[in-house]
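Report on one structure; see the data block that follows.
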Amino acid sequence: MRTLVIGNGAREHALAYSLSTDPEVSEVHVAPGNPGLAGVATLHPGIKGDDADAVVALARDLSADLVVIGPEIPLVAGVADALRDAGVAVFGPSASAARIEGSKAFAKEIMASAGVKTAHAESILPGATEDDIAAAIDRFGPTWVVKDDGLAGGKGVVVTPERDAALEHVHYVHAAGNPVLLESFLDGPEVSLFCLVDGETVVPLLPAQDHKRVGDNDEGPNTGGMGAYTPLPWLPENGVQTIVDDVVAPVAAQMVKEGCPFSGLLYAGLAWGADGPAVVEFNCRFGDPETQAVLDLLTTPLGGVLNAVATGTLDELPPLEWQDGYAVTVVLAAENYPASPVTGVEISGVAAGDEARGIRAAGVAEKDGVLVSAGGRVLNVIGKGATLDDARAAAYDELDKISLPGGHFRTDIGLAAVEGRIAIPGR
Ligand code: GLY
């Protein structure tokens, strides 16, 4: 199978690496990719993922049997539709189905029709008066959850106990021309559950937890994600099946009913409160950085799995197989991330081809034969172990061998779970 992955981050590095280890996969290409993943794939740096014509032309040139679209922007822009129209098998939803992420208001409508628990929400459109904004703010909080109702890659959310900070983020989002979604705050630990979905067929992957704040102890601003671990030792028994039955399957069925069936990876971001799981958000693609940890424990070859979804045969796929134990991924971020990351800084102790060490590269470029930082989240280091503590130790030991002057990472990925500090309200 000749495969083409669209995207340029550590998630795409993880996808490309797993595809490269599948005996049925003969070629792995990534467009545009990044130089840190050149050890497992052929790069096509001139191709922009949201340029549907260019992606279709490349897929045809490569005689690709399967295209896997990583990020949400090409999906929302209809790149999967263009590939399907050209007769290419693609892992990723249509633009119509990708609205589950692209429009939070659409996601709320689907959840309301499917009877799925989620936060109460109100939209504030750009151009709303100061009085209307203040009145809306006063119908919520504290705590306030203020979201950019567009594609913000997880960075457009402010969760704050401060009314002024909530108001400031409303103005910030409106200044960019986007609507704001105000939501009631959902209590309880967060779960990311990725599900392969093909119409009404739902196959869950291992549950994971992201760490979205930049600093230890969940301090500082939200980021795209600073690290993750999988599986979740504190999740109630049958927790994954509960999420599938109460959340993902009803949403998948509702999308079929509304004429926008989902095909690809449906990411349910949930808070597990006293009344069970409630949806914080849906995404229409693999999450980053959870994917890096989750795929590292998957032993079923990935090409066949993604191809089953792309060809509408997920219901025939044998049960997925997983390695025992835990995986932890830690993100090494550039100086001053997330505000305004410093780039062009030499990274030492790492090179392309370091996948077996757990390295998955994201914001990197090559200069004079060495890797330099080129984005906010620079790379991931994955550790695995029989216990979550072992997996943490493996990840941090490897991270100690890498140097990015000015760079930073969280030291507490998975620590609250190891120390038994994650509690479901009311339990
Ligand atoms: N893990 C956050 C995201 O992928 O949006």
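What follows draws every value from the coordinates through simple rules; no lab data is involved. Values in this document were obtained by computation on a predicted structure and should not be read as measured data. No Cβ is skipped: glycine too gets one built from the backbone with ideal geometry, and neighbour counts run over all protein chains shown.
When restricted to Cα atoms, the chain yields an Rg and a Dmax of 20.5, 62 Å, respectively. Counting beta carbons within 10 Å around each of TRP272, TRP322, TRP234, TRP144 and listing the fewest first gives the order TRP322, TRP234, TRP144, TRP272. Taken along its principal axes, the alpha carbon cloud of the range 229-349 reaches lengths of 50, 37, 34 Å, longest axis first. Look at SER348, SER20, SER63 and count the other Cβ atoms within 10 Å of each Cβ; fewest to most, that gives SER63, SER348, SER20. Separation of the range 65-108 and the range 110-186, taken as the distance between their Cα centroids, equals 25 angstrom. Loop sites by DSSP among the GluC sites (Glu not before Pro) of the chain, restricted to those with at most 12 other Cβ atoms within 10 angstrom, leave 1-236 as the longest stretch without any of them. In terms of distances greater than 29 angstrom between alpha carbons, the cross-link table entries LYS108/LYS212; LYS48/LYS117; LYS117/LYS147; LYS104/LYS212; LYS48/LYS147; LYS117/LYS384 yield LYS48/LYS117; LYS117/LYS384. Here the 3J(HN,Hα) profile of the range 367-377, calculated from phi with Karplus coefficients 6.51, -1.76 and 1.60 at θ = phi - 60°, is 9, 6, x, 10, 7, 10, 6, 9, x, x, 8 Hz, Gly and Pro shown as x. When only the Cβ of Lys, Arg, Asp and Glu is charged (+1, +1, -1, -1), the dipole of the chain relative to its Cα centre reaches about 240 debye. Here the range 79-235 yields Rg over Rh of 0.99, to two decimals, using C-alpha coordinates and the Kirkwood radius.
Exposure proxy for MET255, MET111: other Cβ atoms within 10 Å of each Cβ, ordered fewest to most, give MET111, MET255.
Percent of C-alpha pairs per 5 Å bin in the range 1-71, short distances first: 4, 20, 35, 25, 14, 2, 0. Taking Lys and Arg as +1 and Asp and Glu as -1, the other residues whose beta-carbon sits under 15 Å from that of GLY344 total -3. The tail of the calculated P(r) for the range 21-108 beyond 19 Å holds 40 percent of all Cα-Cα pairs. Under 5 Å from the amide H of ILE69 lie the amide H atoms of ILE6, PHE91, each residue being 5 or more positions distant or on a separate chain, with H modelled from the backbone and absent for Pro and chain starts.
How much net charge surrounds PHE194 when only other residues with a Cβ under 10 Å from its Cβ are counted (Lys, Arg +1; Asp, Glu -1)?
In short, 0.
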